[in-house]
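*Asks:* The structure under discussion is supplied below as structure tokens; questions concerning it will follow.
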Amino acid sequence: MRSFTVLLLFVITLNILGKGNSNIPSVQAYKTFSEIKLDGILNESVYQNEPVTNFTQKIPDEGQPATEESKIWITYDDENIYFSANFLDSQPGSIDQNLMRRDNVVPSDWFFIYMDPYNDDRTGYFFAVNPGGSIADGILFNDSWDDNSWDGIWEAKTKVNDDGWTAEIKIPFSQLRFKESENMVWGINLNRDIKRRNENSFLVMVPSKESGFVSRFADLVGLDGITPKQRFEVLPYFVQKAQYLIHDSDDPFYSGNQYKTSFGADFKIGLSSNLNIDATVNPDFGQVEVDPAVVNLSAFETYFEEKRSFFIEGNNLFYFGVGGANNNWGFNFGNPELFYSRRIGKAPSGDIPDNDFADYPRETRILGAAKLTGKIDETWSIGGLSAFTERTYATISNNQKKSNYEIEPFTHFGVLRSQKEFNDNRQALGFMFTSANRDLRTDNLSNSLAQNAYTFGIDGWTFLDSSKTYVLTGYFAGSHLNGSKEALVNIQERPYRYFQRPDATYIRLDSNRTSLGGYYTRLALNKQEGNFYINSAIGAVSPGFENSDLGFQWMADKINGHVVLGYRWYEPGEIFRRTMIYAAHFRDYDFEGNNLNNGFMIFSFMQFMNYYNLEMQLSYNLEEYNKSLTRGGPLSKNPEENYIGLEFSTDSRKELVFGFDIGYENNTLTETWFNFEPFIEWKPSSQISITFGPEYTNNFSKRQWIDNFKDEFAVETYKQRYVFGEINQESISANIRLNWTITPKMSLQLFMQPLISVGKFDNFKELAKPGEMDFNEFNNVVYNGEDEEYIIDPDGNGPASEFAFSNPDFNYKSLRGTLVYRWEILPGSIFYLVWSHDRANFDHPGKFKFGRDFNDLLYSDTNDIFLAKFSYWLDL
């Protein structure tokens, strides 16, 4: 580890030559002292100035002039920057005017504006509008990455005429972050898309063989004397909720929770033109779209995406370990997610006693949260977050007597993140700190949660050559937590750690431990551009590393390495427009030296001349050890395994788009996995799109874990029987979406996800010997239908006692969906109507019959939630 730290510090301090490209084009912005009326009609005097006209194709004919003429004017006044465009078109009847909900960028005629107000060559904003008036926006980061989760408050008007189409866009300076000075220079790029030709042309076109995007922008000059007002925005909200849930008619808590009214507000305060504070009081963090239904048979937590706007905005500042390179291959070793915002306000974790009825909150209320984001200067970013969640209680009723039980402690969460770039962004060094501090007052919570949990990390990168072709990235993170002995036992027994393993040799469970610490580190090399490609990395995460109190964790005790070689053809040929092929080898070991992963992969991507796409993946894994199969028991082995996957899609510009994703896996134990996921998207009009994506999965495994049982006579397996069964699992699901964009500011969205997943178990067995794939099948198995359990006599007439477990068969059926009406009444002021629906059914476990199961689901009881929300933007 010392050698890694020395190497990282060495490469970061390399003295590398400066940027080679000094021929940066410039674009003039003109100040206007008269009002620009936003109507899409270009009749103001500013349009007598010289426009920007030189656009170059990237697709389909890279390097050639754009086929249609474009004229762009950039003007500004004291409060706004304006972009006006006249897009001439020789076939105005073919201009695509499709309407779509905000940020749903699908093939259309588009005008994109890319700005780098800090002129830092790495970050910025994008704004887009199409002829129908649909808009999109977001942020740019890491030079070539983007994120559309940021929603600025700006306006656009468009007109389609006999010569083409026009656009006028007004973006307040208050929505942008920049370092204020008398004579500013920003980065700028412009992009026009013509749908019928699948043409993308740019003011500054970056060739496909080359890397970077923001770092190639032209200079936007002429922004002189801008003094924006201090930003102070308030977004108060009102929510009325009505819940009609499955309940017992005698439930004393139901009526009190059925109708809820809430108020709150978000605040945005500009400390300067480049630093903002976001704060929230009694925030509304309800999710507009439900989390997907899943059937998780593993020992690991399911990851869900963040959907709450307070946490989404500026979240790229809190990414750790991913900057510098334009590709970060994982191969079973992802970057540490030190900050997983869904920990804040999560469902409570405390247990409650047996009861007749219970009022158990679904989430922990956030008392307040504040966030600082921005840049100290163009090379130094900073982000900080502080949030408090309330002490949460469940109320139970027994024999009509009510009592309260604490199920989540009062908690503070903190995050601090900063990164500094050097030498024209050729090197960077950053740090990140997180904390979760709980006020634990009950044994119930003290025995399950850490009292204090901290992580700290440094990350950075350095380019190894003057052309920025090769980059070396690295990070090192450490963790420390403390709590009661009981809590530390639970933490040591988590599925990515399993210190209780009876055959462990490197580190064992310590029941007297009251603290735990560890580290997470990686060093990677990436080639950023060119036909030939290479990526390689080596990393390690120690057994004691723990960041799940405020982060997301799925592994520990791992040493990982990989190498990827590839070749990319960017020039069109007779059959393909572009082709890519990669080959990789990867390995994992634990700190005991056990080989946990050893495989080879081949990936390929091909785009045909008609814009159809085909991807293929082949992989082969050698025999390897498995630490999690026995859920805390000894090592077992995985067999040799093969996988093939294909993904196909048609031209996304067409009215009807279809494709499929298919995968098949098998191994030397004759276990199989098959998945088929077709999809179809139909756009019957310029305002409506319908997507239907069914999915079928079949999983046959001979080693599905059921339970562990103590037995003094199981001497081969450390006096414990590790029981498994053969499972045949079939799942049918679908994602169904209907988008109706009534106007660019008004839309109706329907999302539905039906799911049927059935698992049938038989041929019960136990692990025969640690570190092997051998199992002893049970011959004396009796099913007790009255108690719905299996009774196992493991050795017939031998001395071992019988044991029993509940029937593991399942038949899980669910239907989840939302219907969302959204109307942006005024810029930043939005009215929502939401219907959220779910139902579930568990009849006929282990028996799959689609018609019957679907009928069971349709006639199941339902949970329905209706919600009205109005938020009003005040720019003070």
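The values are calculated or read from the model by the stated rules, or taken from the named source; none is laboratory data. It should be emphasised that the depicted structure is a prediction, and the values quoted were computed from it without experimental measurement. Virtual Cβ from ideal backbone geometry, glycine too; neighbours counted across all protein chains shown. Surface accessibility is based on the protein's heavy atoms, side chains included, excluding ligands, DNA and RNA. Shrake-Rupley method; radii C 1.70, N 1.55, O 1.52, S 1.80 Å.
*Asks:* Go through the range 675-696 and give me each residue that's within 30 Å of ASN626 (Cα to Cα) and either without any contact (Cβ under 8 Å) to a residue 24 or more places away in the chain or surrounded by fewer than 16 Cβ atoms within 10 Å (Cβ to Cβ) (or both).
*Replies:* Keep residues of the range 675-696 that are within 30 Å of ASN626 (Cα to Cα), which gives 675-677, 695-696.
Scanning the range 675-696 gives ASN675, PHE676, GLU677, TYR696.
*Asks:* Just a yes or no: is a residue in the range 87-98 open to solvent by 40 Å² or more (accessible area, probe 1.4 Å) and in contact with a helix residue (DSSP H, G or I) (Cβ under 8 Å, 6 or more places away or on another chain)?
*Replies:* Yes: one or more hits.
*Asks:* Could you please let me know if TYR832 is in contact (Cβ under 8 Å) with a residue 24 or more places away in the chain and not aliphatic (A, V, I, L, M)? Don't jump to the end; show me each part of the working.
*Replies:* Working: in contact (Cβ under 8 Å) with a residue 24 or more places away in the chain: yes; not aliphatic (A, V, I, L, M): yes.
So TYR832 passes the test.
*Asks:* Checking PHE232 against (1) in contact with a Gly (Cβ under 9 Å, 6 or more places away or on another chain); (2) surrounded by 15 or more Cβ atoms within 10 Å (Cβ to Cβ); (3) among the aromatic types (Phe, Trp, Tyr), which test does it fail?
*Replies:* (2)
*Asks:* Is it true that some residue in the range 336-355 is touching a Gly at 6+ places or on another chain (Cβ under 9 Å), at pLDDT 90 or above and acidic (Asp, Glu)? Please lay out each step first, then the result.
*Replies:* Filtering the range 336-355 down to residues touching a Gly at 6+ places or on another chain (Cβ under 9 Å) leaves 336-340, 343.
Those still in the list that are at pLDDT 90 or above too: 336-340, 343.
Now restrict to residues that are acidic (Asp, Glu): 337.
Yes.
*Asks:* With respect to LEU738, determine if the residue is of a type outside the set (Asp, Glu), open to solvent by less than 50 Å² (accessible area, probe 1.4 Å) and under 40 Å from the mean Cα position of the chain (by Cα).
*Replies:* Working: of a type outside the set (Asp, Glu): yes; open to solvent by less than 50 Å² (accessible area, probe 1.4 Å): no; under 40 Å from the mean Cα position of the chain (by Cα): yes.
Here the answer is no, as LEU738 does not meet what is asked.
*Asks:* Continuing with the same structure: Which ones in the range 432-486 are of a type outside the set (Ser, Thr, Tyr), open to solvent by less than 20 Å² (accessible area, probe 1.4 Å) and within 30 Å of TYR533 (Cα to Cα)?
*Replies:* The answer is GLY457, ASP459, GLY460, TRP461, PHE463, VAL471, GLY474, ALA477.
*Asks:* A further question on this structure: Six or more apart or on different chains, Cβ under 8 Å: which pairs go from a residue in the range 26-40 that's farther than 10 Å from TRP73 by Cβ to one that's open to solvent by 80 Å² or more (accessible area, probe 1.4 Å)? Could you list them?
*Replies:* Listed pairs, sorted by first residue: LEU38/LYS157; ASP39/LYS157; ASP39/LYS159; GLY40/LYS157; GLY40/LYS159.
Conditions tested, residue by residue: (1) open to solvent by less than 30 Å² (accessible area, probe 1.4 Å); (2) touching a helix residue (DSSP H, G or I) at 6+ places or on another chain (Cβ under 6 Å); (3) within 30 Å of PRO744 (Cβ to Cβ).
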residue: GLY785; (1), (2), (3): no, no, no
residue: PRO794; (1), (2), (3): yes, no, no
residue: SER814; (1), (2), (3): yes, no, no
residue: VAL820; (1), (2), (3): yes, no, yes
residue: VAL834; (1), (2), (3): yes, no, yes
residue: PRO845; (1), (2), (3): no, no, no
residue: PHE850; (1), (2), (3): no, no, no
residue: PHE854; (1), (2), (3): no, no, no
residue: SER860; (1), (2), (3): yes, no, no
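*Asks:* Looking for something open to solvent by 40 Å² or more (accessible area, probe 1.4 Å), among the β-branched types (Val, Ile, Thr) and either under 30 Å from ASP774 (Cβ atoms) or not in a loop (DSSP other than H, G, I, E, B) (or both) - is there at least one such residue anywhere in the range 711-721?
*Replies:* yes
*Asks:* Same structure, new question: Going by what's in this entry, would THR75 be described as touching a helix residue (DSSP H, G or I) at 6+ places or on another chain (Cβ under 6 Å), among the β-branched types (Val, Ile, Thr) and buried (at least 18 other Cβ atoms within 10 Å of the Cβ)?
*Replies:* For THR75, the condition - touching a helix residue (DSSP H, G or I) at 6+ places or on another chain (Cβ under 6 Å), among the β-branched types (Val, Ile, Thr) and buried (at least 18 other Cβ atoms within 10 Å of the Cβ) - is met.
*Asks:* Considering only the range 481-498, I want to know if a residue exists there that is touching a residue at least 12 places away in the same chain (Cβ under 8 Å) and either under 30 Å from GLN427 (Cβ atoms) or touching a His at 6+ places or on another chain (Cβ under 6 Å) (or both).
*Replies:* no
*Asks:* Which residues, counting only those in the range 744-757, are out of contact with any Phe, Trp or Tyr (no Cβ under 6 Å at 6 or more places or on another chain) and either open to solvent by less than 10 Å² (accessible area, probe 1.4 Å) or part of a strand (DSSP E or B) (or both)? It would help to see each step written out before you state the result.
*Replies:* Initial filter on the range 744-757 (out of contact with any Phe, Trp or Tyr (no Cβ under 6 Å at 6 or more places or on another chain)): 744-745, 747, 749-756.
If the condition is that a residue be out of contact with any Phe, Trp or Tyr (no Cβ under 6 Å at 6 or more places or on another chain) and either open to solvent by less than 10 Å² (accessible area, probe 1.4 Å) or part of a strand (DSSP E or B) (or both), then SER747, GLN749, LEU750, PHE751, MET752, GLN753, PRO754, LEU755, ILE756 are the ones that fit.
*Asks:* Regarding the range 56-69, can at least one residue be identified that is in contact with a Lys or Arg (Cβ under 6 Å, 6 or more places away or on another chain) and crowded, with 17+ Cβ neighbours inside 10 Å?
*Replies:* No: the range 56-69 contains no residue that is in contact with a Lys or Arg (Cβ under 6 Å, 6 or more places away or on another chain) and crowded, with 17+ Cβ neighbours inside 10 Å.
*Asks:* Only residues in the range 331-350 that are on the phi > 0 side of the Ramachandran plot count as the first member; pair them with residues that are surrounded by fewer than 18 Cβ atoms within 10 Å (Cβ to Cβ) and charged (D, E, K, R), Cβ under 6 angstrom, at least 6 apart or cross-chain, and list the lot.
*Replies:* These pairs meet every condition: GLY345/GLU363.
*Asks:* I would also like to ask the following. List, please: which pairs have Cβ atoms under 6 Å, are six or more places apart or on different chains, and start with a residue in the range 788-816 that is in contact (Cβ under 8 Å) with a residue 24 or more places away in the chain and over 30 Å from LEU857 (Cβ atoms) and end with one that is crowded, with 16+ Cβ neighbours inside 10 Å and among the β-branched types (Val, Ile, Thr)?
*Replies:* Final answer for the pair search is PHE803/ILE792.
Results for (1) in contact (Cβ under 8 Å) with a residue 60 or more places away in the chain; (2) closer than 25 Å to GLU62 by Cβ, shown as yes or no for each residue.
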residue: VAL105; (1), (2): no, yes
residue: GLY132; (1), (2): yes, no
residue: ASN148; (1), (2): no, no
residue: ASP162; (1), (2): yes, no
residue: LEU176; (1), (2): yes, no
residue: LEU190; (1), (2): yes, yes
residue: MET205; (1), (2): yes, yes
residue: SER211; (1), (2): yes, yes
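*Asks:* Take the conditions out of contact with any Asp or Glu (no Cβ under 9 Å at 6 or more places or on another chain) and more than 28 Å from ASP439 (Cβ to Cβ) and apply them to ARG513. Does it pass?
*Replies:* So ARG513 does not fit the description; no.
*Asks:* Now a separate question. Specify which of the listed residues (SER174, SER215, SER211) is within 30 Å of GLN607 (Cα to Cα) and crowded, with 20+ Cβ neighbours inside 10 Å.
*Replies:* So the residue among SER174, SER215, SER211 that is within 30 Å of GLN607 (Cα to Cα) and crowded, with 20+ Cβ neighbours inside 10 Å is SER211.
*Asks:* Next question, about the same structure. Within the set of pairs 6 or more residues apart or between chains, which connect a residue that is modelled with pLDDT of 95 or more inside the range 579-594 to a residue that is of a type in the set (Lys, Arg) with Cβ atoms less than 7 Å apart?
*Replies:* MET580/ARG568; ASP588/LYS558; ASP590/LYS558; ASP590/LYS627
*Asks:* Right, another one. Please find, within the range 651-668, the residue that is nearest to ASN610 (Cα to Cα) out of those that are surrounded by 17 or more Cβ atoms within 10 Å (Cβ to Cβ) and not small (Gly, Ala, Ser).
*Replies:* Only one residue tops the list, namely VAL657.
*Asks:* On to the next question. Among the strands (runs of 3 or more DSSP E) confined wholly to the range 572-644, which include 3 or more residues that are open to solvent by 30 Å² or more (accessible area, probe 1.4 Å)? It would help to see each step written out before you state the result.
*Replies:* Numbers: elements: 576-589, 595-608, 613-621, 624-626, 636-638.
The strands (runs of 3 or more DSSP E) meeting that bar are 576-589, 595-608, 613-621.
*Asks:* Would you say TRP186 is open to solvent by 10 Å² or more (accessible area, probe 1.4 Å), at pLDDT 95 or above and touching a strand residue (DSSP E or B) at 6+ places or on another chain (Cβ under 8 Å)?
*Replies:* Considered against the rule, which asks whether it is open to solvent by 10 Å² or more (accessible area, probe 1.4 Å), at pLDDT 95 or above and touching a strand residue (DSSP E or B) at 6+ places or on another chain (Cβ under 8 Å), TRP186 comes out as no.
*Asks:* Kindly indicate which of ASN735, ASN699 is closer than 27 Å to VAL820 by Cβ, polar (S, T, N, Q) and either without any contact (Cβ under 8 Å) to a residue 40 or more places away in the chain or assigned to a strand (DSSP E or B) (or both).
*Replies:* Just a single option satisfies the conditions, and that option is ASN735.
*Asks:* Separate question: I'm trying to understand the selection: among the residues of the range 758-768, which are more than 19 Å from TYR625 (Cα to Cα), out of contact with any Gly (no Cβ under 6 Å at 6 or more places or on another chain) and either open to solvent by 20 Å² or more (accessible area, probe 1.4 Å) or not in a strand (DSSP E or B) (or both)? Full working, then the answer.
*Replies:* Going through the range 758-768, the residues more than 19 Å from TYR625 (Cα to Cα) turn out to be 758-765.
Right, trim to out of contact with any Gly (no Cβ under 6 Å at 6 or more places or on another chain) and you get 758-759, 762-763, 765.
Passing the criteria: ASP762, ASN763.
*Asks:* Could you list, in sequence order, all residues of the range 167-191 that are of a type in the set (Lys, Arg) and over 25 Å from PRO827 (Cβ atoms)?
*Replies:* LYS179
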